[in-house]
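The values are calculated or read from the model by the stated rules, or taken from the named source; none is laboratory data. Because the structure is a prediction, the values reported are computed rather than measured. Here the Cβ positions follow ideal geometry from the backbone for every residue, glycine too, while neighbour counts run over all protein chains shown. Each accessible area value is taken on the protein alone, full model and side chains, heavy atoms only, with ligands, DNA and RNA left out. Shrake-Rupley method; radii C 1.70, N 1.55, O 1.52, S 1.80 Å.
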Amino acid sequence: MVVEPVTGDLTIRTEVYDDQATVGVQYTGAEEWYGVEGGPLPVAAGAGRQLHQMILEGVKKGLPDGLAGVEARYLK
């Protein structure tokens, strides 16, 4: 299911399994999670926490421009 841009008070979740990361977003306090388009992402070993922080910063700046440079630093 594709939804319109999600704005407001949000919770962002980055889950890393092996070498893949998925990003989810929900309205804070809601039950339903939405997967972020473009995932899963191939993540470099041990870079899950850094990737999550970069995603949070990107969301604050506005996507997609806020995530410029993520691939070079944290993705495989």
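Given a 1.4 angstrom probe, what's the average accessible area per residue across the range 1-48, in square angstrom?
Per residue, the range 1-48 has 70 Å² of solvent-accessible surface.
Loop-only GluC sites (Glu not before Pro) in the range 15-61, please: DSSP not H, G, I, E or B, and at most 14 other Cβ atoms within 10 Å.
Hits after loop and neighbour filter: E31, E32, E37.
Assuming 0.36 nm per residue, please report the length gained on full extension of the stretch E37 to K60 beyond their Cα-Cα distance.
6.6 nm
Quick one: compute the contact order of the range 1-57, relative version, from alpha carbon pairs under 8 angstrom and 6+ residues apart, as a percent.
Values: 68 pairs, mean separation 16.7, N = 57.
Computed value for the range 1-57: 29 percent relative contact order.
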